[in-house]
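Colleague: I'd like to ask some things about the structure below.
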Amino acid sequence: MDYDDYFDAALDTLHQERRYRVFVTLEKDAARFPYAVRRTENGTSDVVVWCSNDYLGMSMHPGTVDAMVDTARRMGVGAGGTRNISGTSGPIVSLERALADLHKKQSALVFTSGYVSNETGIATIARLLPDCLLLSDEWNHNSMIQGVRRSGAEKVVFRHNDLDHLEDLLKAAGRERPKMIVFESVYSMDGDVSPIHAICDLAERYNALTYIDEVHAVGLYGAHGAGYAEEVGAQDRLDVVEATLAKGYGCIGGYLAAKTSIIDAVRSHAHGFIFTTALPPAVAASALASVQHLSTSDAERAAHRRQVQRAKEVLTKAGLPVRANPTHIVPVMIGDPERTKLASDLLLDEHGIYVQPINYPTVPRGTERLRITPTPFHTDALIDELADALVAVWRKLDLPLHAAQAAA
């Protein structure tokens, strides 16, 4: 048996379907963000990054950088062990208190990534509930899907944001059976939002817990950056909030916030928490500085909203197929994996613009796209340059533009 044949066949399938992932080596220039240095065998060049999840640029904020550097000098760069052994540091305890306060919950628990907090959190909570039924939105992130699978609990998938379908499933389960509705606030590929209040209404009516993923919303929405639930006044209606420190807050790590009984149960039973090294103190201190800053400063959010709105307006006016939504995600639709990859390559090689191609399984087949994420640091001039570059690429690939632009 030649084991390599199996791996080669798996890779060949990805190549044939134009889904093989190629990493671009970029070194972010903190002083000139959104510029980065691209490294290739032929040397280096400047590119403008248009697909970063560092939505507010908090990874470069002086407060977050200073907190990390100062703490690293005092405490080193590693945690030294799991939380149980030697990894429970002052900065991580302070961070958890701040996150609990941010989401108006009794307690919070920090994990090494948002993926881990989702997968571990969902799986652990469901396992602790007898005969639990998990009701999961069909567009949920892979980390949530894996958490549902790992739980071993029965699952039903409701059509995306379909309240009637969700209610039918809840009604069929009955009020007495333990149930948890698992959904996101901001869906990161289309940029649409969930009807949080309506889902909470159903949860109350049919006696279900609610578990919301605020990964693409914390830092960006709400008066204090607590997420989309704060934006719509629904914080006190949600049982479990999961989010990340790696996007709006510009650091790394994930967390859960809920009642103390839930958090303590997860802390005591979650293998993905118990058996892994803790978040380093320097990272926790940096994340804490970011959370604290964004809880009182709206300047970053206001600048972000302004540039997102301008980008949507300029790209749409240029005739590009921007999918409308109420959030900071700017999907430019193509609908073909090969041409999506070609568009990304042309933008990078000919225009010095980096936007990664989004293909299946991240999005359904036939909805392939470029996912653009403006930041406060993308100037009006950069937005205009992006529009011109996209139009040039669209014409080169014979992709459809709106009639007004196509005739120009």
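Colleague: Please work out how much length the chain gains when fully extended from residue 349 to residue 397, using 0.36 nm per residue of separation minus the C-alpha to C-alpha distance, in nm with one decimal.
Modeller: 15.8 nm
Colleague: Right, another one. What is the P(r) of the range 175-295, as percent of Cα-Cα pairs per 10 Å bin from 0?
Modeller: Going out from 0 Å in 10 Å bins, the range 175-295 shows 13, 40, 36, 11, 1 percent.
Colleague: Which residue, 245, 92, 197, has the largest displacement toward the positive end of the dipole of the chain when charges sit on each Cβ (Lys, Arg +1; Asp, Glu -1)?
Modeller: Of the candidates, 92 comes out farthest on the positive side.
Colleague: Order 303-309, 127-133, 111-117 from most to least packed using the mean count of other Cβ atoms within 10 Å. Present the calculation step by step, with values, prior to reporting the outcome.
Modeller: Numbers: 303-309: 17.9, 127-133: 15.1, 111-117: 22.3.
Ranking, from highest mean packing down: 111-117, 303-309, 127-133.
Colleague: Right, next: Roughly how big is the chain's charge dipole about its Cα centre, with Cβ charges of +1 (Lys, Arg) and -1 (Asp, Glu), in debye to the nearest 20? Numbers along the way, then the final one.
Modeller: Details: 41 positive and 52 negative charges, 149 e Å.
Its charge dipole is roughly 720 debye.
Colleague: When the Kirkwood radius is taken over all Cα pairs of the range 279-387, what Stokes-Einstein diffusion coefficient follows at 4 °C and 1.567 mPa s, in µm²/s?
Modeller: On the way: Rh = 15.7 Å.
Translational D for this selection: 83 µm²/s.
Colleague: Right, next: Most fluctuating residue of 374, 331, 321 in a GNM of the chain with Cα springs under 10 Å: which is it?
Modeller: Maximum among the listed residues: 321.
Colleague: From the gyration tensor of the Cα coordinates in the range 337-408, what semi-axes in whole Å does the equivalent ellipsoid have, largest first, with each one equal to sqrt(5λ)? List each step's numbers first, then the result.
Modeller: Details: eigenvalues 77, 59, 28 Å².
One finds semi-axes of 20, 17, 12 Å for the range 337-408.
Colleague: Please report the net charge: other residues with Cβ closer than 13 Å to the Cβ of residue 167, K and R +1, D and E -1. Don't jump to the answer; show the numbers that get you there.
Modeller: Working: positive: 159, 171, 175, 179, 205; negative: 162, 164, 168, 201, 204.
Here the charged neighbours net out to 0.
Colleague: For q = 0.19 Å⁻¹, what log10 I(q)/I(0) does the range 163-245 give under the Debye formula with an equal point scatterer on each alpha carbon and no solvent?
Modeller: Reported log10 I(q)/I(0), two decimals: -0.79.
Colleague: Now a separate question. What spacing in nm lies between the two simple spin-label points modelled at residue 205 and residue 5, each 7 Å away from Cα in the Cβ direction?
Modeller: 5.7 nm
Colleague: Kindly sort 394, 139 by accessible area of their heavy atoms, largest first, with the probe set to 1.4 Å.
Modeller: 139, 394
Colleague: Hey, another quick one. Along Cα→Cβ, 7 Å out, is where each label goes; now give me the distance between the ones at residue 264 and residue 128 in nm to one decimal.
Modeller: A separation of 1.0 nm, rounded to one decimal place.
Colleague: Check residue 157: other-chain or 5+ apart residues with amide H under 5 Å from its amide H, H built from backbone geometry?
Modeller: 136
Colleague: Can you tell me the FRET efficiency between residue 313 and residue 197 if r is taken as the Cβ-Cβ distance and R0 is 35 Å, rounded to the nearest 0.05? Kindly include the intermediate steps, with their values, before the conclusion.
Modeller: Working: r = 29 Å, r/R0 = 0.83.
Efficiency for this residue pair is about 0.75.
Colleague: Run the quick spin-label model on residue 82 and residue 365: label points 7 Å from Cα toward the beta carbon, then report their separation in nm to one decimal.
Modeller: 4.2 nm
Colleague: Using a 1.4 angstrom probe, figure out how much accessible area the chain has per residue, in square angstrom, rounded to the nearest whole. Provide the component values of the computation, followed by the final result.
Modeller: Values: 18180 Å² over 408 residues.
Normalised by residue count, the accessible surface of the chain is 45 Å².
Colleague: Now for a separate question. When all protein chains stay in place, what accessible area (Å², nearest 10, 1.4 Å probe) is found for residue 336?
Modeller: The accessible area comes out at roughly 50 Å².
Colleague: Given +1 on the Cβ of Lys and Arg, -1 on the Cβ of Asp and Glu, and no further charges, what dipole in debye does the range 166-231 carry about its Cα centre, rounded to the nearest 20? Walk me through the numbers on the way to the answer.
Modeller: Values: 5 positive and 12 negative charges, 79 e Å.
For the range 166-231, the charge dipole is close to 380 debye.
Colleague: From the residues 356, 158, 65, which one has its Cα farthest along the dipole of the chain in the positive direction, the dipole being from +1 and -1 charges on Cβ of Lys/Arg and Asp/Glu about the Cα centre?
Modeller: Towards the positive end, the residue furthest out is 65.
Colleague: Each residue of the range 194-203 in order: what ³J(HN,Hα) in whole Hz does its phi give by Karplus 6.51 cos²θ - 1.76 cosθ + 1.60, θ = phi - 60°, with x for Gly and Pro?
Modeller: Once rounded to whole Hz, the list reads 8, x, 4, 4, 5, 5, 5, 4, 5, 4.
Colleague: Turning to a different aspect of this structure: If the elastic network links every pair of Cα atoms under 10 Å, which of 375, 260, 13 fluctuates the most in the Gaussian network model of the chain?
Modeller: Comparing 375, 260, 13 in a Gaussian network model of the chain, the most mobile one is 13.
Colleague: Calculate what fraction, in whole %, of the accessible area of the chain sits on carbon and sulfur atoms when a 1.4 Å probe is rolled over the protein chains. Walk me through the numbers on the way to the answer.
Modeller: Numbers: 9370 of 18180 Å².
Ligands and nucleic acids excluded, carbon and sulfur give 52 percent.
Colleague: I've got another one for you. Comparing 203, 36, 302, which has the greatest mean-square fluctuation in the GNM of the chain with Cα pairs linked when under 10 Å apart?
Modeller: 302
Colleague: Let me ask another. Just order 21-28, 310-317, 119-126 by mean Cβ neighbour count inside 10 Å, highest at the front, would you? Write out the running numbers ahead of the final one.
Modeller: Values: 21-28: 11.5, 310-317: 18.0, 119-126: 26.8.
Top of the packing list down: 119-126, 310-317, 21-28.
Colleague: Can you give the extra length, in nm with one decimal, that the chain gains between residue 223 and residue 17 once fully stretched, where that is 0.36 nm per residue apart less the Cα-Cα distance? Mind showing how you got there, number by number?
Modeller: Values: separation 206, 0.36 × 206 = 74.16 nm, distance 4.40 nm.
Computed gain between residue 223 and residue 17 is 69.8 nm.
The values are calculated or read from the model by the stated rules, or taken from the named source; none is laboratory data. What you see is a predicted model, and the numbers here were worked out from it, not measured in a lab. Glycine gets a Cβ as well: all are built from the backbone with ideal geometry, and neighbour counts include every protein chain shown. Just the protein is used for accessible areas: all its heavy atoms, side chains included, with ligands, DNA and RNA removed. Shrake-Rupley method; radii C 1.70, N 1.55, O 1.52, S 1.80 Å.
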